[in-house]
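Working notes, beginning with the structure itself.
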Amino acid sequence: MINVLEDVFTDEKQASSLLFQEAESVIPGGVTANIKHFSPHPIFMKKGYGSKLIDVDNTEYIDYSLCYGALITGHGHSRITEATIQQIQQSGTIIFGTPHELEITMAKKIKALYPSMEQTRFTNSGTESILLAIRLAIAYTNKSKIGKFEGHYHGGLNEMLVSVNPSEELAGDDKTPNTVMESAGIPTEQQHQTIILPFNDLEASEKILREHQDELAAIILEPIQGGFIPANKEFIQGLKELTDELNIVLIFDEVKTGFRVALGGAQSVYQIKPDLTTLGKVLGGGMPVGAVGGKRDIMMQSAANSQGDVFNIGNKSDQTTDIVFHSGTYNGHPMVLRAGLETIRLLEEKHVLDILFSHTKLLRNRLETLYASYQIDMQTIGMGSIFNLVFTKEPVHNYRDMWKANTDLRKEIDTELLNLGVYLKPLNRYSMSIAHTLEDIDKTVKAHEKAIKQVLHR
Ligand SMILES: Cc1ncc(COP(=O)(O)O)c(C=O)c1O
């Protein structure tokens, strides 16, 4: 008999369990990114193709994680693989360590799709792109605090690891949320560098912005929270007007939403030009990447010149504080840019995104119909190729609305789905790829029905 409150795998997943024990002996918690952890233990994969992953116990899964959204073309798309291999063969090296033409091609491609990104710098991750965006904003405004919305995730920087998932007990008033630390090891002083704002509440946000206008260098937000809760049009438009008026840099973090909710990201849907944008995930076609781009005069602060080079050790006259430092051994990696460019070119082809979006809609509709037929309150929320299953009938506009959802039920269903060959980290959002077929959708809906029956049976 299965204990309802424990996450269990009915088929044991023995090889994964053994590898996890081995991993735990040399890797803290057995995982190299905390997000990869879940109970009873993460599943170790050994192969991927199209929409599928195969684990070390030889179980096949339809993958809805897709490396947390990065793999919009699915696993091992031949065009991406070939482009990447060709890049090494043609250039004769993996990386030049110098400027190269692909950097220009990609920066131009980004500018064409995201006109707000007049100039772009590349990084190796979303986190690094946020680091640069914040530094640029602080230099530009000569102010030092950052506004961040409750429930939004912006990578692993100290000042962004606050109020991502605060408890009800610590979160404070909904109009003036507390800044709640989300990690050990962060100096407590740093807590005061970030001011927390309530998402989709323009009146309360305006009050906070006006009160802190002289300190706030920037506000950063996921225009679609967690990739699935959209900002209201009036809210996001209001933020744009307020930040312009108060000399606060507006940063859209489109690491999740870039290329996924539309080719031009959420900003093309809302028709808003943020001052700075951060991209990642899809931009690298599965390779490690990030980018920050925006208004020329903000971006130009990072422009290198020969008067201020932090690496000119021994040069007594260097004035490095005139320039926003940005460097990185692997920035603009040619293989990464080639994989990313090929991904974007594929997505630009006729009907590719339309089909992906209509497949996503079909899966969402079928799941909603299925859960309704079992009298379970469940709605799908999302845009484009991303969505989430939220177990409540109540409207969901922000982080606190998610507290109304039945996450215990969701977690049970998700664990059952892992037993039934549907891969998603429990409680995470669904990302679809162009490799997902109608047959995958059919199998996924059937797996959900089995999972519902198993859970209700208990
Ligand atoms: C909105 C958002 N910003 C930043 C990041 C951090 O990106 P990375 O994991 O590439 O550092 C993520 C990662 O999931 C993200 O979703």
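The values are calculated or read from the model by the stated rules, or taken from the named source; none is laboratory data. This is a predicted model, so every value here is computed, not measured. Cβ: placed from backbone, ideal geometry, glycine included. Neighbour counts: every protein chain shown. Surface accessibility is based on the protein's heavy atoms, side chains included, excluding ligands, DNA and RNA. Shrake-Rupley method; radii C 1.70, N 1.55, O 1.52, S 1.80 Å.
Give the residue from Ile272, His41, Ile220 lying farthest towards the positive end of the charge dipole for the chain; charges sit on Cβ (+1 for Lys and Arg, -1 for Asp and Glu) and the dipole is referred to the Cα centre.
Ile272
Using amide H atoms built in the peptide plane, which far-off residues or other-chain residues are under 5 Å from Lys46 H to H?
The list, which skips near neighbours in sequence, is Ile54, Asp55, Val56.
Given Cβ point charges of +1 (Lys, Arg) and -1 (Asp, Glu) and nothing else, what value in debye, to the nearest 20, does the dipole of region 118-264 about its Cα centre take? Spell out each step's value before the answer.
On the way: 12 positive and 23 negative charges, 100 e Å.
Value, rounded to 20: 480 debye.
Taking amide H positions as placed in the peptide plane 1.01 Å from N, state which residues far from Gly290 in sequence (5 or more) or on other chains have amide H under 5 Å from it.
Here the answer is Thr123, Asn124, Ser125, since their amide H atoms fall under 5 Å of that of Gly290.
Please list, ordered by chain and number, the residues whose modelled amide H lies under 5 Å from the amide H of Tyr423; skip anything fewer than 5 residues away on the same chain.
Ile62, Asp63, Tyr64
Between Asn365 and Phe311, what length comes free when the chain is fully extended (0.36 nm per residue of separation minus the Cα-Cα distance, one decimal in nm)? It would help to have the intermediate numbers written out before the result.
Numbers: separation 54, 0.36 × 54 = 19.44 nm, distance 5.60 nm.
In short, 13.8 nm is gained.
Take the solvent-accessible surface of the protein heavy atoms, probe 1.4 Å, and return the percent of it on the chain that carbon and sulfur atoms account for.
Details: 10700 of 20790 Å².
In the chain, the share of accessible area belonging to carbon and sulfur is 51 percent.
What FRET efficiency do you get for Asp322 and Gln89 if R0 is 45 Å and r is their Cβ-Cβ distance, rounded to the nearest 0.05?
Numbers: r = 42 Å, r/R0 = 0.93.
Efficiency, from the Cβ-Cβ distance: 0.60.
For the residue pair Ser183 and Phe96, what label-to-label distance in nm results when each label sits 7 Å from Cα along the Cα-to-beta-carbon direction?
In this crude label model, Ser183 to Phe96 measures out at 3.4 nm.
Label-point separation (nm) for Ser78 and Asp442, each offset 7 Å from Cα along Cα-to-Cβ?
2.4 nm
Can you give me the Rg/Rh ratio for the chain, using Cα atoms for both radii and the Kirkwood formula for Rh?
Working: Rg = 22.5 Å, Rh = 23.3 Å.
Ratio value, two decimals: 0.97.
Could you give the dipole magnitude of region 53-123 about its Cα centre, charging the beta-carbon of Lys and Arg +1 and that of Asp and Glu -1, in debye to the nearest 20?
Magnitude of the dipole: close to 500 debye.
Put +1 on the Cβ of each Lys and Arg and -1 on the Cβ of each Asp and Glu in region 91-178; which of Gly151, Ser91, Ser163 then has its Cα farthest toward the positive end of the dipole?
Farthest towards the positive pole: Ser91.
Nearest 0.05, what FRET efficiency do Asp11 and Asn158 give at R0 = 30 Å with Cβ-Cβ as r? Intermediate results must be reported in sequence, preceding the final value.
On the way: r = 41 Å, r/R0 = 1.37.
Calculated value: 0.15.
Can you tell me the order of 354-363, 134-143 when each peptide is scored by its average per-residue count of other Cβ atoms within 10 angstrom, highest first?
On the way: 354-363: 16.7, 134-143: 19.9.
Ranking the peptides 354-363, 134-143 by packing returns 134-143, 354-363.
Please work out the average accessible area per residue across region 229-350, using the 1.4 Å probe convention, and give it in Å².
Values: 5010 Å² over 122 residues.
Ligands and nucleic acids excluded, the figure is 41 Å² per residue.
Per 0.36 nm of contour for each residue apart, how much would the distance between Asn34 and Leu18 grow if the chain were fully extended, relative to their Cα-Cα spacing? Mind dumping the intermediate values first?
Working: separation 16, 0.36 × 16 = 5.76 nm, distance 1.89 nm.
Gain on stretching Asn34 to Leu18: 3.9 nm.
If I require 24 Å or longer along the helix axis, counting alpha carbons, and a Kyte-Doolittle average no lower than 0.0, what helices from the chain are left? Use full DSSP H segments.
Membrane-span-like by this criterion, though nothing is claimed about a membrane: 352-373.
Given Cβ point charges of +1 (Lys, Arg) and -1 (Asp, Glu) and nothing else, what value in debye, to the nearest 20, does the dipole of the chain about its Cα centre take?
Values: 44 positive and 57 negative charges, 224 e Å.
That gives a dipole near 1080 debye.
Would you kindly state how much longer the chain becomes between Arg345 and Asn58 on full extension, computed as 0.36 nm times their sequence separation minus their alpha carbon distance, in nm to one decimal?
Separation in residues times 0.36 nm, less the Cα-Cα distance, equals 100.0 nm.
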